[in-house]
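S.K.: What follows is a single structure, and I will ask about it in a moment.
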Amino acid sequence: MAAFRRAIRDLARRYDDIVVDIGSGEGAAIESILRVADVAIVPVQPNGMDIWTMGLLDELTVAALELNDGLKVRVILNRASHHHASRDVQSAMTALRACQAIEVSDLVIRERSSIRRAVPAGMLVNEYRPRDPKGSEEIAAVYRLVFAEEPPVHV
């Protein structure tokens, strides 16, 4: 993992932004990246299993903050149900707000067929046709959360 951290630091010297996608089961890699990251965005599905694992992420974040006091870890809910009777988002938000070190974004990405169709086509939802304004806005909101600026405009 030391080599991984060195590689990330090397990339950081050469690039303004580095995006690292780590699987949730890669505990050592997550621990390593939290030690050197400025921001970590963690998409979490609003279900019991995903929310339960946030306790471990919170512990890793507390430990990482001792070495990297500028770290911001933000959780966003992903693939949330549209169903009007679903209380999953509300329950997940309540559970996540009990975490000590991770921030919970109010941003919620809904389960959208447009996103499922865009990805295999090699596109983002805002590039895919037919256009999905709600899906496009949700992804634009993720961009704003990460970069604190408006996303590039796609025609």
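Every read-out reported here was derived from the displayed coordinates using simple, explicitly stated rules and does not represent laboratory data. Please read all numbers here as calculations on a predicted model, not as lab measurements. Using ideal geometry, Cβ is built from the backbone for each residue, glycine included, and neighbour counts are taken over all protein chains shown.
S.K.: How large is log10 I(q)/I(0) at q = 0.12 Å⁻¹ when the Debye formula is applied to the Cα atoms of the range 2-111, each weighted equally and without solvent?
M.R.: Rounded to two decimals, the profile gives -0.44.
S.K.: Another one. Kindly identify the range 61-155 as rounded, prolate or oblate by the Cα gyration tensor criterion: order the square roots of the eigenvalues as a ≥ b ≥ c, call it rounded if a/c is under 1.5, otherwise compare a/b with b/c, prolate if a/b is larger, else oblate.
M.R.: Note, shape of the range 61-155 comes out oblate.
S.K.: Here's something else I'd like to know. How far, in nm, would the chain grow between Glu31 and Arg5 when pulled straight, counting 0.36 nm per residue and subtracting the alpha carbon separation?
M.R.: Residue separation times 0.36 nm, minus the Cα-Cα distance, leaves 8.4 nm.
S.K.: Using a cut-off of 15 Å between beta-carbons, work out the net charge of the residues near Leu65 (Lys and Arg +1, Asp and Glu -1, Leu65 not included).
M.R.: Summing Lys and Arg as +1 and Asp and Glu as -1 gives -4.
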